[in-house]
Structures are given as C-alpha cells and as structure tokens.
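Worksheet for the structure shown next.
The values are calculated or read from the model by the stated rules, or taken from the named source; none is laboratory data. Just so we're clear, the structure is a prediction, and the values are computed from it rather than from any experiment. Quick reminder, even Gly has a Cβ in these numbers, built from the backbone with ideal geometry, and neighbours come from all protein chains shown.
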Amino acid sequence: MSANRVIGVDLGGTKIAAGIVDRTGRIEARRELATPTQSENAVLEAIDGAVESLLDDDVAAIGLGVPSTVDQQTGSAVSSVNIPLTDVPLRDHLATRFGVPCGLDNDANAAAIGEWHAGAGRGTRNMVMLTLGTGVGGGLVLDGRPYRGSVGAAAELGHMVIEHDGRPCQGNCTGRGHLEAYATGLAAANDAREAFGPDADTHVLIDRAHARDERALGILDAIGRRLGSALGTLVNVFNPEAIVIGGGWGEAAGEFLLPAAREVMLREALSPGRELVRVVPAALGPDAGVVGAAFVAFEALDAGRG
Ligand SMILES: [Zn+2]
C-alpha cells in the first residue's frame, strides 16, 4: 500500500467536500455533495458515500474536518453548529468502516494544518490561523506541531474577548465582546444593512469599498481595527512567525481589513514579536478544508493510529 495518498473530507454546514490528496497537498480527485441535515445517520451515510466514491487500494488513511468541538481522546465530534452531530465517535466509525488509520479534527484546525503544510504558513514553526466566515475559527501550530489542548478543544480564537461586556456572541456562546461578534461576514452584513439599507450585504459592502465609498471603507476599517486588537494579543501570547487570515469573508475582505488590522496590531503587540510576525492572507482558498483534513490523515497514518 502506498503511504503517499490519503482522503481528506471537509464536512461543512451546507456541503461535504472530499478529495484524494498527496503529501505535497495536491488534490488529484474530488467529490462534492450537499450535507444532509435531517439526522445524524444521514450525515454519516453521506460522509461514508463521499469516501467510498474516492476509495481505492492505494489510499492509506482518511482525515475528517468537522464544524464541531472535538474530543481527541475519544475521536468524537462533541457538539456542532448547524449539523446534527452530538457526541459521535467519528474516528472509530470511519476506521471500522474502511479499515485504514483515521484522523479527526475541528475544521479550523484542519485549515490551519493545511496552510502550514502546503499554503501561506509553509516553513514556519509557530503559526496562528484565523478563519473569518459565518463564525471565526482558529488554529495553532506551535513548536512545529499542531496544538490542540488537553482534549482537542483549543484554538477557539474567535471567542477571545476583545471588548469587556461588548456585543453578545453568536450561536451557543454565552460570551460578550468576543472577536466573533465583530469580525464575521454576518457581523459585516449587519453593519452594511445599517449603513446602506435592508438589501445590503457583504457583496454590496465590498463592491462599494472597491468604488472608494467612504462609508464602506469606514465600516471595513473599523472591523479591521477590531481584528487588529485580537492579532496584537495573539502576537503577545504566541510570538508566531505568521498569522494567516482565511475563511470566505477573510479572503473577500482581506485587502480592506488587513492594513487597519496590522496598524492596531503594531500598537498592541510588544517588541520584538511585532516586528517578526507576518500577517498574510491564506493561500489555499476553498481547498484548505480538504487539504487540511488530508494532512490530519497523514498525521494519523504516521502515528500508526488504526
Ligand atoms: Zn463567543
């Protein structure tokens, strides 16, 4: 069996993307299907189906990224946003079904691992990633390896407080003033509706910013500054070589967010960490999830986890 090809599966709230990926991060075949949300069984069957359609004798391992908190000790998705997965032992399920080593991770961790191996974080030993989408996900690579915390629940960087008693956070989060309350596409769409009327959304906001509309630029600048507060803290805590900004909203708005974010980061972060760090856009785009899940598979394979 070749140890150089694995299947990476990126389970999202609306779609499941899967691919056969090699050790350079190249996707050689891919599948995509809608995520069924009616039941846990339907989700499991869809994941199995995506894997099955790609599987051949040369596939050495399977990795799965999920929009869930993950317990690495049990290999389970503990709780999930938007999909019916609660306390599901996904790693054992896949290993039993397909008989190869399997790895499981939170989707933002997987994206960070993908960018570290094959994208904007390549060559670093210490890297932080933020994925700005409908939520704000985080991933950490520390001292040359992914950092997952005691059971796999670390790197929830979107739930870092940037304003004491600030805006309520999203979803099940009871917190206030978390980065996620300010830096998502959803938050930006709210800001856009307040400024430009009920039909405005993030596309309107970005289009207006490209046309140098002062209000649109002001909204994005304000979001960028909030982001910069978070980046300053991340630099002070982790002293990373790179902070990679990805996610659908992060990539769409990056050119407007990052200059303001860097400016505030330089104010908040201490020397010499602030001079060392590069704040860079993600390089893998929408493939980060599949490529990252594949590297989670390689990690399981190389650790000999069956
Ligand atoms: Zn929160």
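Structure data summary
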| read-out | value |
| --- | --- |
| ALA18 vs. criteria small (Gly, Ala, Ser), crowded, with 22+ Cβ neighbours inside 10 Å and not in a strand (DSSP E or B) | no |
| Residue that is farthest from the chain's Cα centre (by Cα), among those in region 60-69 that are within 19 Å of ALA50 (Cβ to Cβ) and part of a strand (DSSP E or B) | ILE62 |
| Helices (runs of 4 or more DSSP H) contained in region 164-213 and holding at least 1 residues more than 20 Å from GLY246 (Cβ to Cβ) | 185-196, 202-210 |
| Leading residue by the ranking (surrounded by the most Cβ atoms within 10 Å (Cβ to Cβ)) among those in region 166-185 that are more than 9 Å from the ligand (Cβ to nearest atom) and under 16 Å from the mean Cα position of the chain (by Cα) | ALA183 |
| Selection count, region 28-50, where residues are surrounded by fewer than 22 Cβ atoms within 10 Å (Cβ to Cβ) and under 19 Å from LEU94 (Cβ atoms) | 16 |
| Restricting region 143-165 to residues that are under 16 Å from the mean Cα position of the chain (by Cα) and away from the ligand (no atom under 12 Å from the Cβ), the residue that is surrounded by the most Cβ atoms within 10 Å (Cβ to Cβ) | ALA155 |
| Condition check for GLY197: at positive phi and either surrounded by fewer than 17 Cβ atoms within 10 Å (Cβ to Cβ) or in contact with a Phe, Trp or Tyr (Cβ under 8 Å, 6 or more places away or on another chain) (or both) | yes |
| Residue within region 238-251 that is within 17 Å of ASN109 (Cβ to Cβ), surrounded by fewer than 20 Cβ atoms within 10 Å (Cβ to Cβ) and in the same structural domain as VAL136 (by TED's automatic domain parsing) present | yes |
| Some residue of region 164-180 being basic (Lys, Arg), out of contact with any Gly (no Cβ under 6 Å at 6 or more places or on another chain) and closer than 19 Å to ILE219 by Cβ | yes |
| Close pairs from region 255-282: first over 27 Å from ASP207 (Cα atoms), partner basic (Lys, Arg) and crowded, with 18+ Cβ neighbours inside 10 Å, Cβ under 7 Å, at least 6 apart | LEU266/ARG274 |
| Qualifying positions in region 268-293 - surrounded by fewer than 17 Cβ atoms within 10 Å (Cβ to Cβ) and among the basic types (Lys, Arg) | ARG278 |
| Residue check for GLY218: within 23 Å of the chain's Cα centre (by Cα), away from the ligand (no atom under 16 Å from the Cβ), in a helix (DSSP H, G or I) and on the phi < 0 side of the Ramachandran plot | no |
| Scan of region 143-172 for residues that are of a type outside the set (Gly, Ala, Ser) and touching an Asp or Glu at 6+ places or on another chain (Cβ under 7 Å), ordered by number | VAL151, HIS159, CYS169, GLN170 |
| Set ALA60, ALA77: member being within 25 Å of VAL136 (Cα to Cα) and either among the aliphatic types (A, V, I, L, M) or surrounded by 22 or more Cβ atoms within 10 Å (Cβ to Cβ) (or both) | ALA77 |
| Qualifying residue in region 284-297 (condition: under 20 Å from the mean Cα position of the chain (by Cα) and assigned to a loop (DSSP other than H, G, I, E, B)) | yes |
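The rows are residues; the columns are (1) farther than 28 Å from VAL66 by Cα; (2) acidic (Asp, Glu).
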{"position": "ALA242", "(1), (2)": "no, no"}
{"position": "GLY247", "(1), (2)": "no, no"}
{"position": "ALA252", "(1), (2)": "no, no"}
{"position": "ALA261", "(1), (2)": "yes, no"}
{"position": "ARG267", "(1), (2)": "yes, no"}
{"position": "GLU275", "(1), (2)": "yes, yes"}
